[in-house]
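Comments concern the structure below.
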Amino acid sequence: MKKPRALITGGAGFLGSHLCERFLADGYRVVCMDNLITGDLRNVERLFSDPDFQFHHQDVTEFIHVSGELDVVLHFASPASPIDYLELPIQTLKVGSLGTHKALGLAHAKGARFLLASTSECYGDPLIHPQTEDYWGNVNPVGPRGVYDEAKRFAEAMTMGYHRFHGVETRIVRIFNTYGPRMRLNDGRALPAFMSQALRGEDLTVFGDGSQTRSFCYVDDLIEGIWRLLHSDEVMPTNIGNPAEMTILQFAEKVRDLVGKGSKIVFRKLPQDDPRVRQPDIAKARNLFGWEPEVNLDEGLRRTLEYFRSNVEVSNESVRR
Ligand code: UDP
């Protein structure tokens, strides 16, 4: 029997590369597409020897051509850290809007099922806690994060448009904070920043007073949730994340203690529109396809530390702030 074939945009990024591996392991042929502005070929280099793996160096905001059949299109291309949005605002807007349009057009042409990587950022600085999928959000469209938040909200609307008008089989996952091996060391997000700083024996930079909360999901759990959502019948957005909520100060202390080099914690200015709280309500995923996270924070951080240990030492990249 012929193997099904998946296109993964942003396939050389953090989540994309884990998806490439998962789909290959589960019997798919995989086309990984990336323009490598935030993705990195090192994330997929060991897949090149697999005859079922192809890499297309391409920008998905331009016309995309993939020859042959496609059964699934997973649209994961986008800068994904607040510091990236500041440096790449136009690309962030374009990949969420034009890129989503192109990826949907391709899925439609191929008769493929489409899955959009959406985000908890759709909820903005939320007034409902924890966040359920029926909450419409509290987003500042003209703030520095607006380029990401609004592009993703537009992407959700575009996905529903293709579903309702063209009958494309679509799925939307709202991804909450996720961590694990292959995060970019200097992408500026909390975990890469804290872990790199702690490994170098530098001060950990907590923004604001650190009382804002996040809920961190280990990457393997997220990938399993995405896999199950894709194969479910659910068209409306579905949260995937780990509900274990903590303050950013607690998170920094945990990383510092795990690394054990006695770094100090220092406080820096809180970025504009930084959400005060964030925690997924995952009742929907639990009820629909029996998903819940299995890797607790201590275990996930230990696995992530192994990756950072072997990469931070060889890297000269410093934390961006
Ligand atoms: N943060 C921090 N120090 C850093 C990087 C991030 O205190 O060096 C904070 C940030 O202000 C936010 C939280 O950690 O409150 C999570 O930030 P991240 O950039 O990982 O993603 P976000 O959840 O804001 O999209």
Hey, can you tell me all the residues within region 176-201 that are open to solvent by less than 10 Å² (accessible area, probe 1.4 Å) and either within 11 Å of the chain's Cα centre (by Cα) or not hydrophobic (A, V, I, L, M, F, W, C) (or both)? 176, 179, 180, 183, 187, 192, 196, 197
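Charged (D, E, K, R) and open to solvent by 40 Å² or more (accessible area, probe 1.4 Å): is that true of residue 221 in this structure? Break it down stepwise before answering.
On the way: charged (D, E, K, R): yes; open to solvent by 40 Å² or more (accessible area, probe 1.4 Å): no.
Considered against the rule, which asks whether it is charged (D, E, K, R) and open to solvent by 40 Å² or more (accessible area, probe 1.4 Å), residue 221 comes out as no.
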For region 11-46, which positions are surrounded by fewer than 20 Cβ atoms within 10 Å (Cβ to Cβ), over 16 Å from the mean Cα position of the chain (by Cα) and either among the aliphatic types (A, V, I, L, M) or under 17 Å from residue 62 (Cα atoms) (or both)? 24, 25, 41
Per the filter on region 73-94, residues open to solvent by less than 10 Å² (accessible area, probe 1.4 Å) and more than 15 Å from the ligand (Cβ to nearest atom) are 73, 74, 75
Exactly one condition in (1) outside any helix (DSSP H, G or I); (2) crowded, with 17+ Cβ neighbours inside 10 Å is not met by residue 209; state its number. (2)
Among (1) open to solvent by 20 Å² or more (accessible area, probe 1.4 Å); (2) at pLDDT 95 or above - the single one residue 173 does not satisfy: (1)
Reported set for region 101-137 where residues are in a helix (DSSP H, G or I), surrounded by fewer than 20 Cβ atoms within 10 Å (Cβ to Cβ) and of a type in the set (Gly, Ala, Ser) is 105, 109
Scanning region 274-321 for residues that are over 17 Å from residue 130 (Cβ atoms) and of a type in the set (Asp, Glu), the one modelled with the lowest pLDDT turns out to be 317
Report yes if some residue within region 165-175 is within 27 Å of residue 101 (Cα to Cα), without any contact (Cβ under 8 Å) to a residue 40 or more places away in the chain and of a type in the set (Phe, Trp, Tyr); otherwise report no. yes
Out of (1) within 17 Å of the chain's Cα centre (by Cα); (2) open to solvent by 30 Å² or more (accessible area, probe 1.4 Å), what's the single condition that is false for residue 56? (1)
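If the requirement is being open to solvent by less than 60 Å² (accessible area, probe 1.4 Å) and part of a helix (DSSP H, G or I), which of these qualifies: 277, 266, 255? Explain how you work it out, then say what you get.
Numbers: 277 fails: part of a helix (DSSP H, G or I); 266 fails: part of a helix (DSSP H, G or I).
Being open to solvent by less than 60 Å² (accessible area, probe 1.4 Å) and part of a helix (DSSP H, G or I) holds for just one of 277, 266, 255, which is 255.
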Please go through (1) touching a His at 6+ places or on another chain (Cβ under 9 Å); (2) assigned to a loop (DSSP other than H, G, I, E, B) for residue 222 and return the number of the only condition it doesn't satisfy. (2)
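Which of the residues that make up region 157-186 are part of a loop (DSSP other than H, G, I, E, B) and more than 8 Å from the ligand (Cβ to nearest atom)? Working first, answer last.
First, pick out the residues of region 157-186 that are part of a loop (DSSP other than H, G, I, E, B): 167-169, 176-177, 180-186.
Result: 167, 168, 169, 176, 180, 181, 182, 183, 184, 185, 186.
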Being within 12 Å of the ligand (Cβ to nearest atom) and out of contact with any Lys or Arg (no Cβ under 9 Å at 6 or more places or on another chain) is the filter here; which residues of region 271-307 pass it? 276
Could you check residue 64 against (1) modelled with pLDDT under 95; (2) open to solvent by 20 Å² or more (accessible area, probe 1.4 Å) and say which number it fails? (2)
Go through region 89-105 residue by residue and tally those that are under 10 Å from residue 75 (Cα atoms) and among the aliphatic types (A, V, I, L, M). 3
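Can you say whether residue 235 is outside any helix (DSSP H, G or I), surrounded by fewer than 18 Cβ atoms within 10 Å (Cβ to Cβ) and within 14 Å of the ligand (Cβ to nearest atom), as far as the supplied structure shows?
Working: outside any helix (DSSP H, G or I): yes; surrounded by fewer than 18 Cβ atoms within 10 Å (Cβ to Cβ): yes; within 14 Å of the ligand (Cβ to nearest atom): no.
Against the criterion (outside any helix (DSSP H, G or I), surrounded by fewer than 18 Cβ atoms within 10 Å (Cβ to Cβ) and within 14 Å of the ligand (Cβ to nearest atom)), residue 235 does not qualify.
Does residue 7 meet the test of being buried (at least 18 other Cβ atoms within 10 Å of the Cβ), over 24 Å from residue 104 (Cβ atoms) and touching a residue at least 12 places away in the same chain (Cβ under 8 Å)?
So residue 7 does not fit the description; no.
The values are calculated or read from the model by the stated rules, or taken from the named source; none is laboratory data. Computed from a predicted structure; not experimentally measured. Glycine also receives a Cβ, built like all others from the backbone with ideal geometry; neighbour counts cover every protein chain displayed. All accessible areas refer to the heavy atoms of the entire protein, side chains included, with ligands and DNA or RNA removed. Shrake-Rupley method; radii C 1.70, N 1.55, O 1.52, S 1.80 Å.
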